[in-house]
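One structure below.
What follows draws every value from the coordinates through simple rules; no lab data is involved. Predicted model, so just to flag it, every value in this text is computed and none were measured. For neighbour counting, all protein chains shown are included, and Cβ atoms are generated from backbone atoms with ideal geometry for every residue, glycine included.
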There are 2 protein chains.
Amino acid sequence: MKHDLRVVKTQESLRHALLELLKQKPLESITVAELCRLAKINRGTFYSHYKDVHEVFRRYLEVIVEDFRKAYEEPYRKTGFKIENIKSGMIQIFHHVKKYQDFYQIVFDKRIPLMYYYLLFDTVRSFMKESLAQSLLDSTYSAQTEYLLSYQTNAILGLLLEWHRQEYNTPATELNEHLITILSLNSPFRG
Amino acid sequence: MKHDLRVVKTQESLRHALLELLKQKPLESITVAELCRLAKINRGTFYSHYKDVHEVFRRYLEVIVEDFRKAYEEPYRKTGFKIENIKSGMIQIFHHVKKYQDFYQIVFDKRIPLMYYYLLFDTVRSFMKESLAQSLLDSTYSAQTEYLLSYQTNAILGLLLEWHRQEYNTPATELNEHLITILSLNSPFRG
DNA sequence: AAATATAATGAACATGTGTACAATAAAATT
DNA sequence: AATTTTATTGTACACATGTTCATTATATTT
């Protein structure tokens, strides 16, 4: 009774229908009704699984964001958490975003709720926090640190935001260089 | 025929009704129908002025964001655009946000479209860009600069985001100090 | 295979959305 | 003050939302 086949079938149908509709129209204009029509799922059934169309998208996005986390982690792994030794070629996040450009275009769309942005934000921030905890003494950790973390996290997301505005035309490799340059100017965690 | 009194009356009624409803419930749950009922405005009339409830809020918020811009400008004015001489007491943005906390709580709510965030972002970024243009040679300006601007702009907004998560409990004066400390670590525009 | 559990369906209901249009009311213009 | 202009109203319509509940279908368990 763990994975009822009927439930699996229903959710797969809905997810598949959503991806199909996203090829045709923006997420914000997709209604529960048409999603159910296409998926051949009763609307009442939909509501027993999801609150709204966003929830279908969010569950799918969570898988992608997990991949984002891994991409973000990469330079930390490569440098053995000596992040000051980072090299441009180690950066994977921009390649990741480019790979899932269709999704990030939705995430950064002005009509879309902040919720997805926060999903990214939390992912980056929690990883940054962990890696900072390793390299910092407990005594130096303060309320200041929380703000510094959010400052730095959001700065990184600012690059993605700008990329989005440039319609993802800048090559990922160029963004890698930009990030390295910025990081060499801004080194908040040094000393 | 510039300012038809009927139009003014209608828009004032709707704005007043919105502020009234916001005392009771989140923006996302306010419907056009109930807004019109409270404002005693025909629903058809509503649609001849606004696309949706968000548009009523957005127009109101634009006034507040203009005040935000002035608050952001303050240290630049006080230092005569020698921003490296900034002192904690010159910073006004956090006082501004605290003053309009009720609105910023909405802007940063996870259910709210990114559009309002972009309103803030664009305000900060365009000002930063102007003030940077003054202190920079034309030749040093490049695509890199666009990314650096978005990086720095979003970093500042990261502080507001963290403040929101801390439910605005941190005193504004403490945030001033945090910002000064961070800026003294991060000085991307020096030299 | 039969019994049991439960997910999915279909129908209904009150309310909201977005649009259209003729009738009315209230402005601005003369 | 009379005329013209136009904003607002009332009504209607097709469709969407979110919920409820009895019925049916299809899993899982025995």
With +1 on the Cβ of every Lys and Arg and -1 on the Cβ of every Asp and Glu, the dipole magnitude of the protein assembly as shown about its Cα centre, in debye rounded to the nearest 20, is 900 debye
Based only on Cα atoms, what mean projected area does the convex hull of the stretch B:43-149 have, in nm²?
9.1 nm²
State log₁₀ I(q)/I(0) for chain B at q = 0.10 Å⁻¹ as given by the Debye formula over alpha-carbon point scatterers of equal weight, solvent excluded.
-0.52
Two-site label geometry, A:Lys99 and B:Gln166: point separation in nm, points 7 Å out along Cα→Cβ
3.6 nm
So if each residue of separation counts as 0.36 nm, and I subtract the Cα-Cα distance between A:Arg6 and A:Ala133, what length gain in nm does that give?
41.2 nm
Using a label point 7 Å beyond Cα on the Cα-Cβ vector, give me the inter-copy distances for A:Gly80 in nanometres, one decimal, shortest first.
5.3
Nm distances between the label at A:Glu174 and the same-position labels in the remaining copies, 7 Å along Cα→Cβ, shortest first?
4.3
Per residue of chain B, what 222 nm ellipticity follows from adding -39500 (n - 2.57) for every DSSP H run with n ≥ 4, rounded to the nearest 500?
-22500 deg cm²/dmol
Most positive-pole-ward Cα, B:Ser184, B:His49, A:Leu27, against dipole of the protein assembly as shown from beta carbon charges
B:His49
Please report, in debye to the nearest 20, how large the charge dipole of the stretch A:1-133 is about its Cα centre when each Lys and Arg carries +1 at its beta carbon and each Asp and Glu carries -1 there.
160 debye
List the distances, in nm to one decimal, from the label point of A:Gln134 to the label points of the same position in every other copy, shortest first, placing each label point 7 Å from Cα along the Cα-to-Cβ direction.
4.4
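Quantify how strongly other chains surround peptide B:141-147 by giving the mean number of their Cβ atoms within 10 Å of each of its Cβ atoms. Can you show the working numbers first?
Working: counts 0, 0, 5, 5, 1, 5, 14.
The per-residue average across the peptide is 4.
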Label-point separation (nm) for A:Thr31 and B:Ser29, each offset 7 Å from Cα along Cα-to-Cβ?
2.4 nm
